Amino acid sequence: MNYVIVGNSVAAVGAIRAIRERDQQGNITVISREKHNIYGRPLISYLLGGLINEKRMAYLPNDFYSQNRINLLLESEVVAVDTTAKKVKLAGGDAILYDKLLLATGGDPFIPPIEGMPDKDRIFTFTTWEDAAKLKGIAPDINRAVVIGGGLIGLKAAEGLNLLDKPVTVIELADRVLSSAFDRPAGKIVARKMRANGIDVITEDTVVRIEGDGAEISGVTLKSGDFISCDTVVVAIGVRPAATFLKGSDIEVNRGIVVDATMQTSNRDVYAAGDVAEADDFFSGQKNPMPIWPDAYIQGDIAGAAMAGEKKEYVGGLAMNSIEFFKVSTISMGVTNPRDPAEYEIHTYQDIQNYQYRKIVMQNDRLVGAVLVGNVDRAGIFSGLIREKVDMTPFRESLLTPDFGFLHLSREIRNSLFAPQGKVADNGRTEQAAGH
């Protein structure tokens, strides 16, 4: 059996392990357009800021590929998939045959059409090791940077530059940073921490033009008319599933590659997992891309099992974002910004001065969402309670307390939280999330 995996991130690892558990003899080829072995993507801001070195970037031991007998092709880009001939075509003209194919290509940065951008140098994205390396390479020449976008990627880029003592301004169109993942109080706490560390944050505005002479940047003009001086711009609006190479194939692509509960695409021998996949949402059952690190591993595991002949089913993705800014940890999960708050029961606690915030969202006595800022040690318990749809009536008075944990739960509920897809560890985080 020839297994081919396109992409070399955490979804690929989940698939490799699942395949090798069931098939020790099959050939596995991993194709990656990057030049590095798999690494911890959330660490790139610390690499940029000098908190860690390149050796610390490794996600797995160096012998992972040899131990699992992987044919690893780095700096190789797949440009097309021929499902009739069952082969993937590489940019250099070569083709690789497959019996089972996994597409785990992740996401590509979204670059909006901003006036002046095509003519300018020193415009960067920030999603890969190479992006961080490029920024670090020119860091001695950066006098001031502007980050367009106040989401997870943009704030980590700003943090990395700040660690290098570079003046940074973050510009966000929404009324707060982290608007898609967190609510207003949580976003304000994070922005307050950033400002306390010297990062300027501008909300409810956006860049309409990048100014400068020739290729050099002198600053950016905002929609409000304000001008921000800078010589470097980081574009961090967001990412889109990296699936353009499937144009012309019979593999169904909507926003991402559409998959069923076994991560199979519209072609029976092709699977997809991770940021590129459009899979079922845990609450609605509707298909959505779910760019979540632990979720990508779960999807890869399910896809790998199916490719090797064992059926496992995906129960749906639970939106979850976890990130730390200047030693303030934040996690959001599930429904955090209900469109109709009247249909939900919402409880909050906040201590803005000490960067502490907790929000609990319930519906029909079930926990459906949570936001934790500052103290996140029990986050894994909350995600388990959401997935298991536990009746929270006996615990609703305890949910907001900082020490809420296993001791508040019955033995039966505690046992149920050890789910097969990422069991809850003693510290309250999921095992897969610990890899994040």
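The values are calculated or read from the model by the stated rules, or taken from the named source; none is laboratory data. Please read these numbers as outputs of a predicted model, since none were measured by experiment. So basically every Cβ, Gly included, is an ideal-geometry build from the backbone, and we count neighbours across all protein chains shown. Heavy atoms of the whole protein, side chains included, go into the accessibility calculation; ligands, DNA and RNA do not. Shrake-Rupley method; radii C 1.70, N 1.55, O 1.52, S 1.80 Å.
Whole number in Å², please: accessible area per residue of segment 337-387, 1.4 Å probe, ligands, DNA and RNA not counted.
Value returned for segment 337-387: 46 Å² of accessible area per residue.
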In the structure shown, of LYS55/LYS156; LYS100/LYS311; LYS89/LYS287, the pairs separated by more than 25 angstrom at the C-alpha atoms are LYS89/LYS287
Ranking LEU102, LEU60 from most to least accessible area with a 1.4 Å probe gives LEU60, LEU102
Measure of exposure for MET1: accessible area at 1.4 Å probe, Å² rounded to 10, is 100 Å²
For GLU211, other-chain or 5+-apart residues with amide H closer than 5 Å (H placed, Pro excluded) are SER218, GLY219, VAL220, THR221
With every protein chain in place, the accessible area of PHE395 for a 1.4 Å probe, in Å² rounded to the nearest 10, comes to 20 Å²
GNM of the chain, Cα pairs under 10 angstrom: of ASP108, ASP94, ASP165, the biggest fluctuation goes to ASP94
When the charge dipole of the chain is computed with +1 on Lys and Arg Cβ and -1 on Asp and Glu Cβ about the Cα centre, the Cα farthest towards its positive end, among MET392, GLY317, LEU246, belongs to MET392
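At 1.4 Å probe size, put LYS55, LYS311, LYS136 in order of accessible surface, largest to smallest. Write down the numbers at each step before the final one.
On the way: LYS55 180, LYS311 145, LYS136 85 Å².
Accessible-area ranking of LYS55, LYS311, LYS136, largest first: LYS55, LYS311, LYS136.
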In whole angstrom, largest first, the equivalent ellipsoid semi-axes that the Cα gyration tensor gives for the chain are 33, 32, 19
Expected max-MSF residue from VAL376, VAL328, VAL276 in the GNM of the chain (alpha carbon, under 10 Å) is VAL328
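Local charge sum around GLU252 (other residues, Cβ-Cβ under 11 Å, Lys/Arg +1, Asp/Glu -1)? Could the numbers behind the result be given before it?
On the way: positive: LYS287; negative: ASP250, ASP260, GLU278.
Result for the neighbourhood of GLU252: -2.
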Over the chain, the sum of -39500 (n - 2.57) across DSSP H runs of at least four, divided by residue number and rounded to 500 deg cm²/dmol, gives at 222 nm -6000 deg cm²/dmol
Here the gain from full extension of MET117 to ASP351, 0.36 nm per residue of separation minus their alpha-carbon distance, amounts to 80.1 nm
At q = 0.13, 0.18, 0.22 1/Å the base-10 log of I(q)/I(0) from the Debye formula over the alpha-carbon atoms of segment 238-286 is -0.28, -0.52, -0.76
Residues whose built amide H sits under 5 Å from the amide H of VAL234, excluding neighbours closer than 5 in sequence, are PHE124, VAL146, VAL147, ILE148
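For a test of the definition: using alpha carbon positions, the gyration tensor, and the 1.5 limit on a/c, classify segment 250-408 as rounded, prolate or oblate. Walk me through the numbers before you get to the answer.
Working: a/c = 2.22, a/b = 2.00, b/c = 1.11.
Taking the square roots of the gyration eigenvalues as a ≥ b ≥ c, segment 250-408 is prolate.
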Stretched fully, the stretch from THR262 through ASP63 gains (0.36 nm per residue minus C-alpha distance, one decimal, in nm) 68.7 nm
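Rounded to a whole number, what % of the accessible area of the chain do carbon and sulfur atoms account for, probe 1.4 Å?
Working: 8860 of 19520 Å².
About 45 percent, which is the carbon plus sulfur part of the accessible surface.
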Ignoring ligands and nucleic acids, SER180 exposes an accessible area, probe 1.4 Å, in Å² to the nearest 10, of 110 Å²
In order over segment 296-310: 3J(HN,Hα) from phi, Karplus 6.51/-1.76/1.60, θ = phi - 60°, whole Hz, x for each Gly or Pro, gives 4, 5, 4, 4, x, 4, 5, 5, x, 4, 5, 4, 8, x, 10
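How do ARG184, ARG192, ARG396 rank by accessible surface area computed with a 1.4 Å probe, from largest to smallest?
Details: ARG184 115, ARG192 80, ARG396 55 Å².
Ranking ARG184, ARG192, ARG396 by accessible area, largest first, yields ARG184, ARG192, ARG396.
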A convex hull over the alpha carbons of segment 1-58 yields, per residue, a volume in Å³ of 88 Å³
Applied in sequence order to segment 317-333, the curve 6.51 cos²θ - 1.76 cosθ + 1.60 (Karplus, θ = phi - 60°) yields integer Hz couplings, x standing for Gly and Pro, of x, 9, 4, 8, 10, 10, 7, 10, 10, 6, 6, 9, 7, 9, 9, 10, 8
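Using the Cβ atoms and a cut-off under 9 Å, what net charge is assigned to the surroundings of ALA186, where Lys and Arg are +1 and Asp and Glu are -1?
Cβ neighbours under 9 Å give a net charge of +3.
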The Rg/Rh figure for segment 1-135, Cα atoms and Kirkwood Rh, to two decimals is 1.02
Note to self: with every protein chain in place and a 1.4 Å probe, segment 112-169 gives an accessible area per residue in Å² of 39 Å²
Along segment 377-384, Karplus-curve 3J(HN,Hα) (6.51, -1.76, 1.60; θ = phi - 60°) to the nearest Hz, with x for Gly and Pro, reads 4, 9, 4, x, 5, 4, 5, x
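Please calculate how many Å² of accessible area segment 27-107 carries per residue, with a 1.4 Å probe and no DNA, RNA or ligand atoms counted.
Working: 4060 Å² over 81 residues.
Accessible surface, normalised per residue, equals 50 Å².
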Interchain or sequence-distant (5+) residues whose placed amide H lies within less than 5 Å of the amide H of ALA272 are LEU103, THR265
Listed residues LYS134, LYS327, LYS247; largest mean-square fluctuation, Gaussian network over the chain with Cα springs below 10 Å, found at LYS327
